[in-house]
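Since every read-out is calculated from the coordinates, none of them should be taken as a lab result. It should be emphasised that the depicted structure is a prediction, and the values quoted were computed from it without experimental measurement. Cβ atoms come from the backbone with ideal geometry, glycine included; neighbour counts cover every protein chain shown.
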Amino acid sequence: MQPKKVLIQTTIPTAEDDWSVARFSRLGKLLREQRDDSGNPVYDVTMRDRDPPGRPDSVLSTIDQSDFNELWLFAVDTGDGLTEEDCAAIGRFRKSGRGLLVTRDHMDLGSSVCTLGGVGEAHYFHSSHQDPDVERRKRDDPYTTNIDWPNFHSGANGDFQEIEIVAPAHPVLTDGGSPTGFIRRLPSHPHEGGVGAPDGEDARVIVKGRSQATGVDFNIAVAFEPGEHGGPAIAESTFHHFADYNWDPASGCPSFVSEQPGDGLGRVPEALADTHRYALNIAAWLSGALPSSARTAVAQGELVRE
């Protein structure tokens, strides 16, 4: 069987002191290391930054004509990361049945995805496409005052958060090696963005976090089931769930990151294993290798958790 072709792409040109694709190298390495029962690679991974802004990206604007099976789009721009041509081609890509993950970060970072439609509509920003829940439009992180909502504080970079799975458990959250059968931890970040399930799509929130600053819960991921609207898709609250710096702060970060990192993922190998399993589950689900429904452990209407 031929490996599934995966494109991991950012929405900015290559820049050493920014969240360029090189800062997601551990995700690419993890996918490239996977082998099937015959020892063949499961994934063929391409990682790239976008072309200079102001014109269509040479790959994104034609991705519907490519042989990629899934696109992981890391929106790290400040609003100009995607052109109309890029968005239209990405829309046709998903409409053809292929998989799409779209992730961003706090406030207006990655706001170019608003123009995507569908999965883009799952992302809420400060200046555009705001969360319809007015109560969510409040500053959550009281420490980094130059960042406004949405900016949910799930913990320090390099640490992990205990997650809440929304029943019924989605396939990307299953883990046969866990005592509960599910992933229980994901990387934390001081400024997670806002996501929610848009109307008119077969989409739902599948996992939540809880702010360490205010105690409010927030949505981590929204899953779009494959169907008449297109292939499977995930809208993720922050790209920091997949960044090298969050998996291992020793990897380094751009100079504008001011918060002190933690070391929880390094001290608790089970948390890093959950993180890896989550990424691998997403890759498998987006490629059609996981079913669109999962067997869940339910007790009194809630997931059984350790």
* To do: Enumerate the calculated ³J(HN,Hα) couplings along segment 269-283 in order (Karplus 6.51 cos²θ - 1.76 cosθ + 1.60, θ = phi - 60°), each rounded to whole Hz, writing x wherever the residue is Gly or Pro.
  => x, 5, 5, 5, 4, 4, 4, 5, 4, 4, 4, 5, 4, 4, 4
* Whole-Å semi-axes of segment 4-303's equivalent ellipsoid, largest first, each the root of 5 times a Cα gyration tensor eigenvalue? -> 24, 24, 20
* To do: Could you rank the peptides 22-35, 183-196, 46-59 by their average count of other C-beta atoms within 10 Å per residue, with the highest value first?
  => 183-196, 22-35, 46-59
* To do: Please go through segment 39-143 and write out the chymotrypsin sites (Phe, Trp or Tyr not before Pro) that DSSP classes as loop and that have at most 13 other C-beta atoms within 10 Å.
  => Tyr143
* Whole-number percent relative contact order across the chain, with pairs defined as alpha carbons under 8 Å at least 6 apart -> 19
* To do: Please identify which residues in segment 122-166 have an amide N closer than 11 Å to a label point set 7 Å out from the Cα of Ser258, following the Cα→Cβ vector.
  => 143-147
* Asked: If you add up the charges near Leu265, with Lys and Arg at +1 and Asp and Glu at -1, over every other residue whose beta carbon is less than 12 angstrom from its beta carbon, what do you get?
  -> -3
* Asked: Among Asn281, Ala89, Gln2, whose Cα lies farthest out toward the positive end of the dipole of the chain, if unit charges sit on the beta carbon of Lys, Arg (+1) and Asp, Glu (-1)?
  -> Gln2
* **Under 9 Å, Cβ to Cβ, from Glu192 - net charge with Lys/Arg +1 and Asp/Glu -1** => -2
* Extension reserve of the Gln130-Thr78 stretch, reckoned as 0.36 nm per residue once the Cα distance is removed -> 17.2 nm
* Report the percentage of all Cα-Cα pairs in segment 20-78 whose separation exceeds 19 Å, rounded to a whole percent. => 41
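Sorted by mean Cβ packing within 10 Å, highest first, what order do the peptides 172-178, 199-205, 236-242, 221-227 take?
236-242, 221-227, 172-178, 199-205
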* **Considering only the chain, percent of DSSP beta bridges that pair antiparallel, nearest 5** => 55
